Amino acid sequence: MSCSLIALISLMGSAACMSAPQGATAQDTARPTIVEEMIASGRVHLDARQAEMGQALFEQALDLRPGDPEIRMWVLRAWMDLGRSNDSLDAIDALSKEGFEGPGLDYLYGMAFARRAEGLLASGVRDASIQMNFTDAVTFLSAAAAADGDRFYDAFLPLARSAWYSQDLVTARTAAEEATQRMPDSSDSHYVLGRVALSQFAAWKGALAEDEEPGEEIDASWELARKSLQVAVNLLPDAPRDEELQRRLSRAHLHLGHTLMWKEMRPEALAAYGSAITWAPEEVDFAQLWSQFGAEAITAFQAGSSGFEKHFGKTSPRDSTLLWWLGFARLESQDPGGAEQAFLASLKKAPEFVNAWFYVGLSRYAGKNYSGAVDAFSTGWNADPATIVAAVEQDAQGNLARLEFLVGWSAGKGRLTDAARISEICAESARIEPRHWNNMGLFLRDAAEAMQGSRNGRGGKSTPASRAILERSLAAYMRALDLVPDDPQLLNDAAVMLHYYLKRDLEQALQMYADAQAGAEKALAGSGLSAERRSVLKTAERDAGNNHRILRRALTRGKKRDAKDGEKPSPDGR
């Protein structure tokens, strides 16, 4: 049997025991009493966020008095709590056209506009329609509350919220105080009063001159905010199982923390933030906390993470962002092992947090686990290069220095493809620096040689895999040439790839050798060269000249052979 039906039977039983006045039957007098009790009980359900049960009672009451506009009013009121604000407004318009008017109509319109505005906010809409709905809500709810505040006691809370969003803090404060008096056990009423009072405190304090001390009224507003938010926390369950209650508890703790920070009560604020994180990490702006507290924020992150795991275990994905920030805070606090652990836990729950791989790499690097760092950077790069580049750019100078160290470390360990991969990350992150592309090309070339057992492009067995690596090597050299098209060393190295390794586009390679030799000769004729640069140019001039002669002779012999082959008769004797 449903709760609503039980309530109906109970109400009918109690009404049947009442005596009827003379001239009236028991049924005539019982029905009004049943209807009134049904409405009162339905409103209790609305106050308890049990809109479906409230609607059921209102509809049963309407069955007893079909078409009664007063009862239809409460049915529509229940619709609003069920998310049917637009349907409600259409039905209210129809009710108004039928002649329904007065405070009840104002109440309905005001509640519907308030619900619609809040729904738009929740869905991410940010346009003028929100303010219009809140403004209309303030107009209608103010009229209803002024006309019959006792009957429409639940209008004061949405009136306070609507006025607050409309920046009418005086109306918001008055309505919020009235709401807490009429609904003292409502956590929401105290929560809204706390936020309104804090807004007033901030506005008044912001209007003070730089050397002016806040007066008693301003401090009293802050104290009201603190007390109200603490009451809001206390009125909610200590350990709610319902996710909506968890979010409400988190928000109350969160704004209590904001309130405490206005008075620089940092330890108390961090404790409040830790509680907010415990119950709903998704409600907390971790970047804002980090900006405000720096490494000190780890106190709240640690407490929140421990509390969340205690209540929800290790498998819930709701703390994935929290774990990322906990990892970041630990890394900044010189705890690379703890940082790595947190980042990996975050990735396990949210693999899309690809930049966490970069921070896993930084954590391992800080712990001198260079092999693990290379693996982490490579994993992130393979998943999403753009995200890793963005992570490098957060501290370009420091991160590139770390990556270049790993390039050298990898090369020294014979991990040539790893050296090439880290060089590629450097190259894409420092796009105007050609040497990273040059390094990538060199390491890939050497890796391909090792794979096919060749030396200087000669001997060994070419495979599709090794040839693919050689093509990537050439592409890296060409990326470097895009930045410095006339560089003699790069021209020679790229031509070598075509000539000795890939054995294609030989005419292009011949021209690149010629350009490299000519460019080196021209540069060497100039002045102001460092000894190191002069040595590089001389080597490029010599190598390009030698390679040019070798390739020119090979091409000449090939042409002669082709010409000679062309004089032979075809297989059919013609």
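The values are calculated or read from the model by the stated rules, or taken from the named source; none is laboratory data. None of these values were measured; they are calculated from a predicted model. Virtual Cβ from ideal backbone geometry, glycine too; neighbours counted across all protein chains shown.
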Residues that are of a type outside the set (A, V, I, L, M, F, W, C), crowded, with 18+ Cβ neighbours inside 10 Å and under 17 Å from the mean Cα position of the chain (by Cα), drawn from the stretch 284-320: Asp319, Ser320
Just to be sure I understand, how many residues within the stretch 248-283 are crowded, with 21+ Cβ neighbours inside 10 Å and outside any helix (DSSP H, G or I)? 1
Kindly evaluate Val35 against the criterion of being of a type outside the set (S, T, N, Q) and buried (at least 22 other Cβ atoms within 10 Å of the Cβ). yes
Counting residues that are surrounded by 14 or more Cβ atoms within 10 Å (Cβ to Cβ) and either touching a Ser or Thr at 6+ places or on another chain (Cβ under 7 Å) or of a type in the set (Lys, Arg) (or both), which helices (runs of 4 or more DSSP H) fully inside the stretch 81-191 reach at least 1? 103-122, 128-148, 156-165, 169-182
Can you pull out the residues in the stretch 416-466 that are among the β-branched types (Val, Ile, Thr) and modelled with pLDDT of 95 or more? Thr417, Ile422, Ile425
Collect the residues in the stretch 523-543 that are part of a helix (DSSP H, G or I) and either of a type in the set (Ser, Thr, Tyr) or within 21 Å of Val496 (Cβ to Cβ) (or both), keeping them in residue-number order. Ala523, Leu524, Arg533, Ser535, Val536, Leu537, Lys538, Thr539, Ala540, Glu541, Arg542, Asp543
Among the residues of the stretch 539-574, how many are loosely packed, with under 13 Cβ neighbours inside 10 Å and modelled with pLDDT of 90 or more? 3
Is it the case that Ala48 is aliphatic (A, V, I, L, M), more than 28 Å from Met80 (Cβ to Cβ) and at pLDDT below 95? no
